[in-house]
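The values are calculated or read from the model by the stated rules, or taken from the named source; none is laboratory data. Owing to the predicted nature of the structure, the values given are computational and were not obtained by experimental measurement. A quick note on method: Cβ atoms are made from the backbone with ideal geometry, for glycine too, and the neighbour counts reach across all protein chains shown. Accessible surface is based on the protein model in full, side chains and every heavy atom, while ligands, DNA and RNA are left aside. Shrake-Rupley method; radii C 1.70, N 1.55, O 1.52, S 1.80 Å.
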Amino acid sequence: MKTLRFISAQALVADAQVAQRSIAYVAQNLYPLLFKASYLLEQAAVVHDLVEKWPLAEFNIGKLLGKSVDCEKDLSNRTCHVCLQACLTGLKDYVMNSSMTYSKRLKVVDLTGLSDTEFQACACGKALGRWGRTELMARTCFDLLVEIQARELDDLVSGISIEVLMNVFVTQRSYEVVVGALLLRRQCPLKIRCVEFRADSLALRKFFYIIKLIQPEALQKLELVHNIRIEMEHFEFLLSQVPLPSLKSLTLPARTFDVRRMTQEDEPLLVTIGERLSEMKFLTELNLAFSTLTGRIRKILSPLKTPLCSLNVSSCGLNHADMAYLANSLHAEYLEVLDLSGHSVADLFPSTFFKLLGRASRTLRSLTLEECNIGDEHINLLLLALEPCKKLTEFSFLGNPLTSRSLCRLFELFTELSMLCKVEFPVPKDCYPPTSVYPLSDENLVKYDREMFEDIKQELTVILSRANRNDIVASTPLFGSFDASIQETSNELSVVLLQSFTDAISNLLTALKKVD
């Protein structure tokens, strides 16, 4: 639904030349309206000029592109490369432009409200993801400083100081340019302020250097993923040396914890880590996926002063004691997001699993139970456990050996969960050869009867349609859900993995030569 005001704004910006000539005569309160209309029509030149002449104290891209009275369409998930590049170029020219219609009032630019999606609805079809936005903003800061010095405009821009709030994503490839921009923050009128920080494919020394540059005391989210080789000792050092008082969300790379390598002397280190985490008064999200925590989850979570709203312990090797702690802890009553993938929850811990979901049912919005060895024999338990979860909006149970008959029973239940809107379900077991062994390898995962699967999928769709639940999007992403960050840096990630493999082979050959 669009108002007459928005339709009029679209008509104006549809002709870029007319719009550019008219901007100087537009009232200040119409700039946000024209910006969204220009972004929607992908009029990059008009987007640039609007930002260059921005008359307001704040430029919050999430609010500008989000739902509004004039246009209900939400564009915040449209990370259009052309338009975002125009925004940042316009921001640089805003600083450089000395002939402004309005006085320069801009103090805060908030770029955190964008969300990355798999498919871009914009005409160019090319997204500028979190990594790309970080690199482009860093280069914009460099270019701005170079131009100020080249044109000797220090006096002109001396009074301009604009906070640029960003979700920063750094890899080895962008490390130097981002570090440079952070080091020159005091001299640059555009000052990058990191709200969320994600690091991948970085050596530890580089990570520990950049984490101190981003002003960690204001950091709200920290993601250390994939090729950050951080272990328990490094993590304790991070917590002791880097202040993170505002942190709300923490993601650690795989194998940060591995209790199989621990000795009796290492046990106090876990206690210390728990105590350090308890000092983060706002921490409500914790992702420990692929760390081996068998029998130790209590030592990490029990000291926390604030109940967790999001917990990912997928493939953490949890045992009965761990599940019993989770089911009886205070965290259970506050959980909104829970990932227990990689654990045979219905087979090994049926009672504690049932109790955990029961206690979380009043708050739980997202549940992931991928490769949990849930078969037809467990379907009654799963149905009973899910039935009270009335606030559930997302449920993923890929990789479980369920037949089409059990999937039909689950879909019948889904129709009764009024808030459920997204389901990721496995290819039914009956579509695979009888000799298939779970969990399926990547090679065997694609060897299923596609015609049979399409028939079963149609049957499941009919169940939703009969209940008027076409609002539920049900899909089967064979290799997991889309991850915008991995998609954007996949080439670099492949190079790092290849190098790691090469190093491993080299070390093996060296060891064999020594044996000879």
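Label positions at T461 and V69, each projected 7 Å from the Cα along the C-beta direction, are separated by 4.1 nm.
At a 1.4 Å probe, what is the % contribution of carbon and sulfur to the accessible area of region 287-354? Kindly include the intermediate steps, with their values, before the conclusion.
Details: 1380 of 2490 Å².
Summing carbon and sulfur atoms, their accessible area is 56 percent of the total for region 287-354.
Summing +1 for each Lys or Arg and -1 for each Asp or Glu among the other residues whose beta-carbon sits under 11 angstrom from that of L326 gives +2.
When the Cα gyration tensor is reduced to axis lengths a ≥ b ≥ c, the ratio a/c is 1.5 or higher for region 219-275, and with a/b not above b/c it is classed as oblate.
Step through the table entries K36/K126; K355/K422; K73/K391, compare each Cα-Cα distance with 21 Å, and write down the pairs that go over it. Each step should come with its number before you reach the end.
Working: K36/K126 18 Å; K355/K422 24 Å; K73/K391 25 Å.
As for pairs spanning more than 21 Å Cα to Cα, those are K355/K422; K73/K391.
Compute the angle between helix 204-213 and the longest alpha-carbon principal axis of the chain, please, reported from 0 to 90 degrees and rounded to the nearest 10. For helix 204-213, the angle is close to 50 degrees. Bridgeable lysines around K191 (alpha carbons under 22 Å apart, same-chain partners fewer than 8 residues away excluded): K53, K63, K92, K104, K107, K206, K212, K221.
Each stretch of four or more DSSP H residues adds -39500 (n - 2.57); spread over every residue of the chain, this sum gives -12500 deg cm²/dmol at 222 nm. Largest accessible area first, the residues Y25, Y175 order themselves as Y25, Y175 under a 1.4 Å probe with ligands, DNA and RNA left out.
Charge dipole of the chain (Cα centre as origin; +1 on each Lys and Arg Cβ, -1 on each Asp and Glu Cβ, all else neutral): 1300 debye, rounded to the nearest 20.
Going 7 Å from the Cα of F282 toward and past its Cβ, which residues in region 158-174 have a backbone nitrogen under 16 Å from where you end up? Counting only backbone N, you get 165-168.
Axis of helix 130-150 versus longest Cα principal axis of the chain: the two differ by about 20°, to the nearest ten degrees. Estimated from the Cβ-Cβ distance and a Förster radius of 56 angstrom, the FRET efficiency linking D376 and D143 is about 0.35. Normalised by the number of residues in region 397-462, the mean separation of alpha-carbon contacts (under 8 Å, six or more apart) gives a relative contact order of 43 percent.
The stretch between E443 and C421, if pulled fully straight at 0.36 nm per residue, gains 4.9 nm over its current Cα-Cα span.
The slack between D258 and R105, meaning 0.36 nm per residue of separation minus the straight C-alpha distance, is 49.9 nm. Rolling a 1.4 Å probe across the protein heavy atoms gives the chain an accessible surface of 47 Å² per residue. Magnitude of the charge dipole for region 228-358, about its Cα centre and with charges confined to Cβ atoms of Lys, Arg (+1) and Asp, Glu (-1), is about 100 debye.
Express the relative contact order of region 35-99 as a whole percentage, based on alpha carbon pairs under 8 Å and six or more residues apart in sequence. Here the relative contact order equals 44 percent.
Once the chain from L204 to M96 is taken as fully extended at 0.36 nm per residue, the excess over their C-alpha distance is 35.1 nm. Specify whether the C-alpha gyration tensor of region 35-115 places it in the rounded, prolate or oblate class, a ≥ b ≥ c being the square roots of the eigenvalues: rounded for a/c under 1.5, otherwise prolate if a/b is larger than b/c and oblate if not. Prolate is the answer for region 35-115, as a/c is 1.5 or above and a/b outweighs b/c. For D483, D455, the ranking by accessible surface with the largest value first comes to D455, D483, using a 1.4 Å probe.
Output the peptides 441-451, 376-386, 329-339 sorted from most to least packed, where packing is the average of other Cβ atoms within 10 Å over each peptide's residues. Don't skip to the end; give the middle numbers.
Values: 441-451: 12.2, 376-386: 17.5, 329-339: 20.0.
By packing density, highest mean first, the sequence is 329-339, 376-386, 441-451.
Based on Cα contacts under 8 Å between residues 6+ apart, region 1-150 shows a relative contact order of 26 percent.
Straight-line cross-link reach from K447 at under 23 Å between alpha-carbon atoms covers these lysines, not counting any fewer than eight positions away in the same chain: K429, K457.
What is the angle, in °, between the Cα long axis of helix 81-96 and the longest principal axis of the Cα atoms in the chain? Nearest 10 is fine, range 0 to 90. Helix 81-96 and the main axis of the chain meet at about 40 degrees.
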